[in-house]
Structures are given as C-alpha cells and as structure tokens.
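The values are calculated or read from the model by the stated rules, or taken from the named source; none is laboratory data. It should be emphasised that the depicted structure is a prediction, and the values quoted were computed from it without experimental measurement. All Cβ positions, even for glycine, are placed from backbone atoms using ideal geometry, and neighbour counts span all protein chains on display. Areas reflect the complete protein model, heavy atoms only, side chains present, ligands, DNA and RNA absent. Shrake-Rupley method; radii C 1.70, N 1.55, O 1.52, S 1.80 Å.
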Amino acid sequence: MEEEVHDMDGPEKLIIKLVLNINMDSLIIKNYIRSAVNITELKIFSVHREKFCNFTIGINDIPCPKPCHCQYERKSYKFFINCLGKHLLEVPPLPIPINGSTSLILQGNNLTQLPHKSFPGYSIVEELDVSYNKLTTLAISHLPNNLEYFDVRFNHLHTLGDDVIHYLYKVPFFYQYGNKWSHVCDEINMMYFLKQKSNTIRIHESKFNSIFENMIDINRKFKIKEHFQKSSSYYFAKEDNITNRYPGNEILMALEYLHKNITYYSAEYDPILYDDLNAPCPYRCLCCTLQKSNRFLVNCENRNLHFYPELPNPIPNKATLFLRNNNISNLPTPTFSKGHASMKYLFMANNSLTELPLQVIPKNILSLDLRNNQLQSLDEDVVKFLWDRENPISVSLSGNPWECKCEAIFFLHFLREYEPFEYIRVLKFNNITRGGCPESCICCEEKSLLNPFVIDCNGKGLEDIPPLPLPAIGQTTLLFENNEIEMLPNMSHPGFENVTHLFLANNKLTFIDQLPSKIVYLDLSHNNISVLNEDIRNFLVERIRSSQMTLRLSGNPWSCTCEDRDFLKFVKGQAMDIIDSSSMTCSETGYSLIDVQESDICPSALIYYATLTASLMILILGINLLVIFRQPILIWFYEHEICLSLAARRELDLEKKFDAFLSFTHKDEDLIEEFVERLENGNHKFRLCFYLRDWLAGEAIPECITRSVKDSRRIIILMTNNFLKSNWGRLEFRLALHATAKDRCKRLIVVLYPDVENFDDLDSELRAYMVLNTYLARDSPNFWNKLIYSMPHENPSRTKTGAEK
C-alpha cells in the first residue's frame, strides 16, 4: 500500500498524508477521501475509535522503521516510535507526524552513540528513551532540540560536558540510573548538576507508604509526606521546598532520617551511582576524584549531619572522607559499612564523637582527624593500633575534653608523646596539679584512692627522682617502678615530702636512710637492699601504728646474720603489715625470714669458743707450714708471678750495670749457652756479663775481673773441676766473696757441677766458704727455678715507681 501512496500525486497524496496524521472521527471524511482518490479499499491506515491508531508513513516520506512499531495516540496527539529490544546498532530514519510530539523508544538495543540532530525526524523528538544501550558519551550536537523526557538509564556513561549539562537543566524529566558517574573535582558543573538532581527526592511507589509508617512522629510534626507528588511509578518532592517551609536544624535531621529509611528500604528511584562508590554519593555530600593524586573524595563538610554517611561498598583509590563540622556521634563498624572500612583519610573534626572503639577504625587508615569532638579517652587497643604501625598514622587529637584518669594511662602516654602541647592543655583543663608534670612521666587522677593525684614514671630508665609537682588538692602517689634509681632524694627535694604512696619495685636501691613523713604505702620489692637500719625500722613501726601503713619488701637479698637479728625481729613483729613477708628470704640460705630463728643465726657460747679454738689452731698450723716451706713457696710464687710483693726482696744496688757476672774457665765455654738462653731470653730477662762478650781485648785480666764484679748485682760461679784448677777462676771467686762481705748482701751464687768431688784444691778461705754456705747443685731437679729466684728481683710497684722517677 506504501507503493500506492508514493505513486499518487496532487490532492490525493496530500489527503492520504493528512489522514495518516490526524484523528479520524468522522465517517464523512472517510467517504470523502475514498471518493476523492477513487480507491476501492484504503489499506494504508485504519481508522477507528480506539485510543491508538497505527502509523505507516510521515510527512517527510519516511515510513515507520521496519523493526519498530509506530502508533499515534489520538487523545494526546503523541506519536510513538517503539523500537524496544530490536537489537539496533544505530538509529534508523524517523517519520515525522503532521502534528503532535514524537516519543522515540529505543530501549534495550546496542546503540553506542546517538545520531546527529540533523538526522531525519530526530531533531523534533520530545521524548527519548535510550535506556539499556551501550552509550559512552553524550554530545550536544546529538541531542534533539527540545527534549521533555530523556531516559539514559543503564548505559556506559561516566561524565557529561558542560554544554550537555546546561542542556539537561532544561529537560524536566531526566533519568540516568545504572550509569556509574566519575568526574574530577575541577569539573564543578558536573558535580553540582548531579548534586542538584539528587535534591529531588524520588521514592518507589510500592515502598512509599512503608517508609512513612516508620517515621510517623516525624511526619506528624513536619507533614513531609504532603510535599510529595505522584508520577507514573514513583513519588517525588523537592527537598528545598520542604526546608524552606520548616527552617531550622530539626527539619534537616528529619530529612536525614528520611533518607536513611529510603536507603534501608532500597526505595530510591533513579539514584545517582558513582563509579568509585558503586553506590550513590552519600546524602548532602559531594563526590569527586582529585586528578593529580587520584584520591576519591567524599565531602560532607558543614552539612549538619547526625548520621555517618551511607557507604555500602569498598572504595578504591585512597578514599578520603571529609566530615568536619557536623553532629555525628558514632562511627559504623566495617562490617556494616565497607566503604568506611576502606577509608585512608578520615577528617572528623568538630563533631560529637564520644567513643572510638578499635573495630570502627579502618585498618588501613593513614590520616585520622578527631579534633574538637567529645572524646574523653581512647582504649588501650586503639592506642596500640595507632602507635605500633609500620606506616605511622597522622592523628590529630586536640580540642577534646580528655580526662586525666589513670585507667587511661596508656593513652595519656601516647598523647604526651604524640601531641605534648595537647597533654599540657589537658592537665590544665583537668586541674589536678599546681605545676607541670615531670618529663617522661604522666600525671593522672585515680579517684578510687584517698589521694587521687598520681605521678607515673614507671619503666623510663630514670636514675633519679625528678622534681615533683604538688597536686591541686591532697597528697601524691608516686609510681617509680622498673627504673635505675640507687638512692632516694632528701626531704628538701621538690614534692617528695608530699608523697604518701611510694612504689619503688625493681630498682637498684641498696639502702634507705629517710622517707616522706606522711607515707602510708611503701613498695621496696626487688631491689638490692640487705638490711633496714634502726632509724628506718623505728620510723616504719611508728607509721604502721599511726596510719596502718603497709609495705612490700620481698625480692631483696636480705642479710640473716647474727649482727642483723634486730632486723629479723622487726620483720616478724610487723609481718601482718608487710604484705609479702612470707616471700622474704635470706640471701645466704634462701630460707624464709619468717621461719628463721635467732638460734639459727646466733650460735651458743660453747659452739662459739670451740669454733674460735679450732680456727686458732688452724692458723698456727698454717704459719708453721709457711715458715718451714717458705722458700719453695716463694720460689713458686715468683715463678708463676703470683703475689710478687711477697716474693720480692729489697735490692740495694739498683744502679749496677749488670744483673749477674758469669764466672767460668775457658775450658767450660760450652756451658755458657744454656745460661744465656735461660737468663737473658726467658720470662724473667736478666743482663749478664761474661768475658767472651763483654771484656775488651788488651785490658788486664785482673782489672776486667774487678770491674765485672763491681758492676754486677750477682756473681755466678760455675764451679767445675776445671774451675777449681784455674788460677783466674779462684781469683774471681775470691773477689766475689770479698764484694759480698763488703756490701753485706748475698751476691755470690755458686753452681756446683757433679764432677766436683771435694774442695781440696781451694785455699782455706774459699774452702771454708764452700763448707759453711749453701750452693746450687747443677743436677738438682728444680735448679733453674732456684737460680732465677736467687737473681735480683723486687716489688713490681716499687720498680714502676722508681722507673717513673
């Protein structure tokens, strides 16, 4: 039939086009057309009184696209081109109706782009549904001139150009759900366009009543439900219209609660999804990506929010959430907010947080701003998480009403190290001290104690107690355990006299000579104290009587001797007030002090005198043995260089050149080598003189003998048969004998060899000497030790002093 229409010309063709494009109620028109065109049966359109009539060809000579279905709605003058689910890759040429508006339905195809606005029949389209396609961009040149309805849901759109955004502001109905938007923070127009669109609250029709049933009181007060209008499948209302009618913070909180319910019921119609969130941008927030750092920002600053933003999915790209200047009082757990769990930067200054449990802190957080909230403390596990990190966390904590409670001592240590000025502010804010807290220590308040002011210096490696501040009221408790202190300060030390509870366990104290006068608790356990003197014992007894003082004293090396029996009586007498008295032990025996009796450490008189007698007998026996074996003992001492001060002798001839003159005959020259080796090259090195090396050729032998004897501290005679028969040998013997007699010093050492049977060859004077004096037998098994001991030697300290002089 289309061919018939194309073959017509003149009024016939015009009439047919008119019929195709207008409502047909009159049979008269129908009969007129039949007679005018002289066609026995008109098949190009059907005219009936139903709502729609089929459409075949437009005034631009373009028929209804073959895959599509075209209908004209008689009542609304609306021309529908329905190409739903036809697998189209591009938009076909479109027919133009003679009047009315065109609605083009291209849902569920494979379109990747829209046609240019010059495309046949496209520019006049007023309703365009291209949902469920594959569009990636929208260009202003590819949009119809006057769209009233534009549906791009479930495409692949990520961003919009500024000209397209300006165009879309004029489109009354724009639907985009299913696209995942992504834009940088510099794209202001895009960001605020999406924000403006989200300002319209849209609720699915099926869930509308359920939501308001869950907030009856709020709706009764503000009548929010009355602001909603009904659309085809949802209810909508402009949020600005509601807030303008009910100004103030209460309506903002009510609308926030409404949005929380909409999220809970999944009731939002056409929500705006963000690619990084895989969810809508949270209520009243702006979302974008920083182009340089690729950080995804969720900016909810100054939005008067009372609930933490809804972030149901993990967020990549260094997620950053700005929540400063709101009224949020708690954080969600990562289980219920995967977006919160993936936060790297969380800025929550100026909110109403009262607690921060560990489970709500994102485990990969890099920066956490908690300034000016209502936090009073942080749990120990939270502090460990913030403190013991491979990558340190940037934490800002100032401006909170932190409490100086000792139960939060771990946090206060962290605060002092991390933000020292904030710790000083907290001390002033809590007004617990009239001065600053000592460096390395923490001052806190333990309200369970009668005197709640506590100075905690535990485990800081301190060698002295620092000057102590005075509390605002009451007395001081000083925790000074696990340090290196060896003695306590005197009572003039600042603040020390004010201490009533003193914890000093695990230090290096060796004695106690004074204590604060008002002390009521003292822990001296695990120090190096062996006894408490009488003054301290009397002081402690008086304090126990007057103030029910208690002590801890175990872990010290307590002395359990007879001299310390008064201390033992003190421990037993005050055992009820020494908490760990049963654990106090004697350093000598390891026995418990409580079980030790005086008779155990102080024996009876009979035993005492018997022991004394036995000791004296042993001493006398030892002295006798020392006298008898004096020389062998001294030789052994000298040989092993032990107790040299005992083995040394006073030497009168230190100025002499040689230690010994070695006298022998030329027939015994082969004996000299071992003496040189032993005496000059041994452990004790001596200077020897003997004629083979030290006499000058040509000098008179008597003069050489005399000079050698004079210059030597000892004369060693090698007495062999050859020596006895030598005139020069006997001369040297006589000169040595005379030198010994003159100096009154035993300088002559005679070494007697086994081949000498008697002294008959000597004259009477020399023979008398050999008979009346001892000599060294060369074949003696301990010969060399005796010879070396007979050589010059003296106290090493004297030798050193003399050398220094």
E699 vs. criteria within 16 Å of L752 (Cα to Cα), open to solvent by 30 Å² or more (accessible area, probe 1.4 Å) and touching a helix residue (DSSP H, G or I) at 6+ places or on another chain (Cβ under 9 Å): no
Among the numbered conditions (1) more than 30 Å from F173 (Cα to Cα); (2) modelled with pLDDT of 50 or more, tell me where N60 comes up short. (1)
Within segment 133-165, residues under 20 Å from G85 (Cα atoms) and touching a residue at least 40 places away in the same chain (Cβ under 8 Å) come out as Y149, D151, R153
Taking L488 as meeting all but one of (1) surrounded by 20 or more Cβ atoms within 10 Å (Cβ to Cβ); (2) touching a Pro at 6+ places or on another chain (Cβ under 7 Å), write down the number of the exception. (2)
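Does L662 meet the test of being open to solvent by 30 Å² or more (accessible area, probe 1.4 Å), hydrophobic (A, V, I, L, M, F, W, C), at pLDDT 85 or above and in contact with a Phe, Trp or Tyr (Cβ under 9 Å, 6 or more places away or on another chain)? Even if it seems obvious, please write down each step before you answer.
Values: open to solvent by 30 Å² or more (accessible area, probe 1.4 Å): no; hydrophobic (A, V, I, L, M, F, W, C): yes; at pLDDT 85 or above: yes; in contact with a Phe, Trp or Tyr (Cβ under 9 Å, 6 or more places away or on another chain): yes.
The answer is no for L662.
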Scope segment 312-323; condition surrounded by fewer than 17 Cβ atoms within 10 Å (Cβ to Cβ) and touching a residue at least 40 places away in the same chain (Cβ under 8 Å); matching residues: P316, N317
Based on what the data block shows, is I251 in contact (Cβ under 8 Å) with a residue 40 or more places away in the chain, closer than 17 Å to N304 by Cβ and either among the β-branched types (V, I, T) or touching a helix residue (DSSP H, G or I) at 6+ places or on another chain (Cβ under 7 Å) (or both)? no
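Residue by residue, here is whether (1) surrounded by 20 or more Cβ atoms within 10 Å (Cβ to Cβ); (2) closer than 21 Å to A408 by Cα; (3) in contact (Cβ under 8 Å) with a residue 60 or more places away in the chain; (4) out of contact with any strand residue (DSSP E or B) (no Cβ under 9 Å at 6 or more places or on another chain) holds:
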{"residue": "D456", "(1), (2), (3), (4)": "yes, yes, no, no"}
{"residue": "G459", "(1), (2), (3), (4)": "no, yes, no, yes"}
{"residue": "I465", "(1), (2), (3), (4)": "yes, no, no, no"}
{"residue": "H493", "(1), (2), (3), (4)": "no, no, no, yes"}
{"residue": "F496", "(1), (2), (3), (4)": "yes, no, no, no"}
{"residue": "F511", "(1), (2), (3), (4)": "no, no, no, yes"}
{"residue": "S517", "(1), (2), (3), (4)": "no, no, no, yes"}
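If I ask for residues that are out of contact with any strand residue (DSSP E or B) (no Cβ under 6 Å at 6 or more places or on another chain) and under 17 Å from I544 (Cβ atoms), which ones from segment 573-583 would you list?
Residues of segment 573-583 that are out of contact with any strand residue (DSSP E or B) (no Cβ under 6 Å at 6 or more places or on another chain), as a first pass: 573-576, 581-583.
Those that are out of contact with any strand residue (DSSP E or B) (no Cβ under 6 Å at 6 or more places or on another chain) and under 17 Å from I544 (Cβ atoms): G573, Q574, A575, M576, S581.
Table: residues versus (1) of a type in the set (G, A, S); (2) under 27 Å from A768 (Cβ atoms); (3) open to solvent by 50 Å² or more (accessible area, probe 1.4 Å).
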position: E674; (1), (2), (3): no, no, yes
position: H684; (1), (2), (3): no, no, no
position: C704; (1), (2), (3): no, yes, no
position: I717; (1), (2), (3): no, yes, no
Quick one: G682 ticks every box in (1) out of contact with any helix residue (DSSP H, G or I) (no Cβ under 6 Å at 6 or more places or on another chain); (2) assigned to a helix (DSSP H, G or I) bar one, so which box is it? (2)
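Matching residues to (1) over 47 Å from the mean Cα position of the chain (by Cα); (2) open to solvent by 10 Å² or more (accessible area, probe 1.4 Å); (3) of a type in the set (D, E, K, R):
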{"site": "Q514", "(1), (2), (3)": "no, yes, no"}
{"site": "R537", "(1), (2), (3)": "no, yes, yes"}
{"site": "T550", "(1), (2), (3)": "no, yes, no"}
{"site": "S554", "(1), (2), (3)": "no, yes, no"}
{"site": "D564", "(1), (2), (3)": "yes, yes, yes"}
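Yes or no, residue by residue, for (1) within 19 Å of L297 (Cα to Cα); (2) in contact with a Leu (Cβ under 6 Å, 6 or more places away or on another chain); (3) in contact (Cβ under 8 Å) with a residue 24 or more places away in the chain:
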residue: K344; (1), (2), (3): yes, yes, yes
residue: E355; (1), (2), (3): no, no, yes
residue: I361; (1), (2), (3): yes, no, yes
residue: N364; (1), (2), (3): yes, no, no
residue: L368; (1), (2), (3): yes, yes, yes
residue: P392; (1), (2), (3): no, no, no
Which one of the conditions (1) out of contact with any Phe, Trp or Tyr (no Cβ under 8 Å at 6 or more places or on another chain); (2) touching a residue at least 40 places away in the same chain (Cβ under 8 Å); (3) not basic (K, R) does I432 fail to meet, given that it meets all the rest? (1)
Candidate set: segment 385-443, residues that are among the acidic types (D, E) and open to solvent by 20 Å² or more (accessible area, probe 1.4 Å); chosen: the one farthest from V360 (Cα to Cα): E439
Mind listing whichever residues of segment 343-384 are within 16 Å of Y418 (Cα to Cα) and open to solvent by less than 40 Å² (accessible area, probe 1.4 Å)? S367, L368, D369, L370, L378, V382, V383
